[in-house]
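Structure, as structure tokens:
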Amino acid sequence: MQINFGGREVALKLVYYGPALSGKTTNLRSLHQLTSEASRGRLMTLETKDDRTLFFDMLPLMLKANGEKSSPGMTLRIKIFTVPGQVLHATTRKLVLQGADGVAFIADSQVSETEHNAASFLDLRQNLKNLGLNPRELPLVIQFNKRDLDRIRSDEEISALASHGREPVFKASALAGHGVLETFFGLLHMTWAKLDGEHQLAKMMGVDPRELLPMAARQMGVSADVSTLLGACVGGRLDGKPEEAK
Amino acid sequence: MSVDIPDVSADDLLLDGRIRLEDLVDREGLDELCKSFLALFGIPVRIYSTDGLLLADAAGEQELCAYVNTTQAGRHACASTVGAVKLRDAGDSGDVVHPCFTGAAYRILALEYDGRRVGRLIVGPFMPANVTQAPESLLGIDPGIAKERAQKLLERMPRAKAEAVTRIATHLKASLDLILFSGHKALVTSKMHLASVTESYRQLEDKTARLQEAFDRLKELDRLKSNFLATVSHELRTPLTSIIGYSEMLSEGLAGEMKPEQGEFVKTIHENGQHLLALIMGLLDLSKLESGTMRMKMRAMSVAPVLEEVVATLTPTARKKEVRLEIDVAPDLGQSRGDPERLRQVFLNLSENAVKFTPAGGSVTLRARTVREKLASGADEDGLALLAPTRMRLQVRVDDTGIGIPPRERDKVFDPFYQVDSSSTREYGGTGLGLSIVKRLVESHGGTITIEDNRPTGTSFVVSLPYTEPGPSEMPQQS
């Protein structure tokens, strides 16, 4: 996160992590399509000729939050990155992950990809540790993508898995744009809650913390209600608070 | 109120805070772009960075401006207008009009990238469509201004409606935005590339350092081991000499006649003493070979007498085991360089092993001949005709018809103390040092040793030594 008090700006970095070909870039493309032109910049993709992400993709979002009373409000700049999923790009993944404020883990719902999902998650955890970040403290949501395919883990299985886990879980078929906004808002909700709790951002910028997400949704041209979007979460804890040790 | 502002610049490569126009665009290219707009629409265009740096300038002087500048007051007024335009901010809306006393106007537009202002675009001067008559502010600026001339030149100024200028500016901004995006993408990519390379390099250096450390430690351990072996074997040999010597004297009756049973015991002490000595000598040889302190007495020598001596030594043992021991040396075999004593040790060891592992009725054959070194496939090497003769090898094979060595064990048998089947130590005896010493001795002759199948059954140890065809002066003297 970067805070610029003079310019009344807060910059967040969100990272979409996950195994190769799980649909991280597709999530970003869909998000790009689903949001208003005014709220976003160009989608920057750095890919090789066979459409595989080489370094990363980046989608910048820019949202203005009106201030309460006489406060001029603030600008929330969000940069969403994807990491290259292929195993050989380990160094790049670590570099992209640097300074992340929140992570959406894009998993592939196909049963055959179960091990790749797990391996990529362990890779994420190791990279976070290497970067000196505590995986338990970082806002993290999980998306089970490719719900439109055959031979996938069933809804019941995912709900059962999600109810046992800590991280909020969303279902998506990013290609059709389903579940993409839900995942993004879930992640933004957790990230904002954590950073606001730590730095009293809303108080210092003079904005209403509860109004931030609805304002973001309006500016992004999202017609759905934020609570509806967050309601798509099928398990885990969206408040992000770790379970008290017993 | 103290605020905890995290340190972001150092560890975050990608949230690049401030993007500067001048970092992303090529200035000459930008200048050309502006000139193409001037050529297309006839309206001057300038681009300034946020710091007020002129990045591109496509503005030929208008005739009216040149005329005004011929008068003193006109020159002053023109300079002050141009100066004001240069400094004027584009305002909150990012689009303001700055009028000129001549009736012309400038449009000042904010250039934005990634939601931030990165510079200003100044379009003009141009004559707004509604200004058709030379205004009083122009005519009254200096007595030297002639009305007719001013009016005539005013009509020649580039004209544009406000909407047209907006369209031109929008188009220019869109083109520029694409250029900035491409530039930014290239910048980010190269930064990322550099960071990846740096990180990979750092990881490699880390790994290399760790490997070097481990290597140094192992080298030191190896040196300690060799020292230890040398010391220990030397110290062990001293008392052993007494044990062997005195038991030998006892069995020879130098201290009086012994009962047959006593004689047997002393003989066992003597034999095992000899065995222990052989083991210790082997260790000593090995440690000398490993530490490189073994001294070879290299000289021109024939291998045939060495092999004959080996066969003579082993014949009694072979006969006892009912193993045929044969020798087959090519008749034209000349001399090569080597230490005959060490080579005898090599072939004695190999032949002893062969006899040991060959069952009754089998055979062990020692063959010696010269061979041409195998050339790489294709063999289109330069100067082959000159080089090939230097590639002769003296090959000595010890072929047996014994139990054979499985292919995957063939590299390991040369490791010290390694035996294919540890039970074979008990069955066949031996120290497990012989072959490791043999290999090192052969290597210190510049040779190689390999194991091949001896069809239909058995093993061939193939020793290949450097060999130079004897020149006239080196021909063996005796017939």
Could you list all residues from segment B:325-372 that are surrounded by fewer than 15 Cβ atoms within 10 Å (Cβ to Cβ) and in a strand (DSSP E or B)?
B:E326, B:D328, B:V371, B:R372
Among what's in segment B:175-187 and is within 12 Å of chain A (Cβ to nearest Cβ) and over 36 Å from the mean Cα position of the chain (by Cα), pick the residue that is most open to solvent (accessible area, probe 1.4 Å).
B:L178
Given (1) open to solvent by 50 Å² or more (accessible area, probe 1.4 Å); (2) of a type in the set (D, E, K, R); (3) within 14 Å of chain A (Cβ to nearest Cβ), where does B:K147 come up short, assuming only one miss?
(3)
May I ask you to list pairs of residues, at least six apart or on different chains, whose Cβ atoms are under 7 Å apart, with the first in segment B:188-206 being more than 9 Å from every other protein chain (Cβ to nearest Cβ) and the second being open to solvent by less than 70 Å² (accessible area, probe 1.4 Å) and not small (G, A, S)?
B:K191/B:L13
Just the residues that are surrounded by 16 or more Cβ atoms within 10 Å (Cβ to Cβ) and of a type in the set (D, E, K, R), please, taken from segment B:118-144.
B:R120, B:D142
Being within 14 Å of another protein chain (Cβ to nearest Cβ), of a type outside the set (S, T, Y), touching a residue at least 24 places away in the same chain (Cβ under 8 Å) and over 22 Å from A:M220 (Cβ atoms): is that true of A:R93 here?
yes
Exactly one condition in (1) surrounded by fewer than 22 Cβ atoms within 10 Å (Cβ to Cβ); (2) modelled with pLDDT of 85 or more is not met by A:E244; state its number.
(2)
Within segment B:88-117, considering residues that are at pLDDT 90 or above and aliphatic (A, V, I, L, M), the one surrounded by the fewest Cβ atoms within 10 Å (Cβ to Cβ)
B:V97
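Can you name the residue in segment A:1-30 that is small (G, A, S) and within 14 Å of another protein chain (Cβ to nearest Cβ) and, of all such residues, is most open to solvent (accessible area, probe 1.4 Å)?
Among those residues, the one meeting the criterion is A:G6.
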Got at least one residue in segment B:221-232 being touching a Leu at 6+ places or on another chain (Cβ under 7 Å), part of a helix (DSSP H, G or I) and not assigned by TED's automatic domain parsing to the domain that holds B:T365?
yes
Those residues that are buried (at least 17 other Cβ atoms within 10 Å of the Cβ) and not polar (S, T, N, Q), I need them from segment B:71-81; list them, please.
B:G74, B:A77, B:C78
Residues in segment A:76-125 that are among the hydroxyl-bearing types (S, T, Y), within 19 Å of A:L43 (Cβ to Cβ) and modelled with pLDDT of 90 or more total 1
Counting only residues that are over 18 Å from A:M44 (Cβ atoms) and of a type in the set (A, V, I, L, M, F, W, C), how many does segment B:155-206 have?
10
Report whether or not A:P72 is more than 11 Å from chain B (Cβ to nearest Cβ) and assigned to a loop (DSSP other than H, G, I, E, B).
yes
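The values are calculated or read from the model by the stated rules, or taken from the named source; none is laboratory data. All of these numbers come straight from a predicted model, not from anything done at the bench. Reconstructed Cβ throughout: ideal geometry from the backbone, glycine too, with neighbour counts over all protein chains shown. Just the protein is used for accessible areas: all its heavy atoms, side chains included, with ligands, DNA and RNA removed. Shrake-Rupley method; radii C 1.70, N 1.55, O 1.52, S 1.80 Å.
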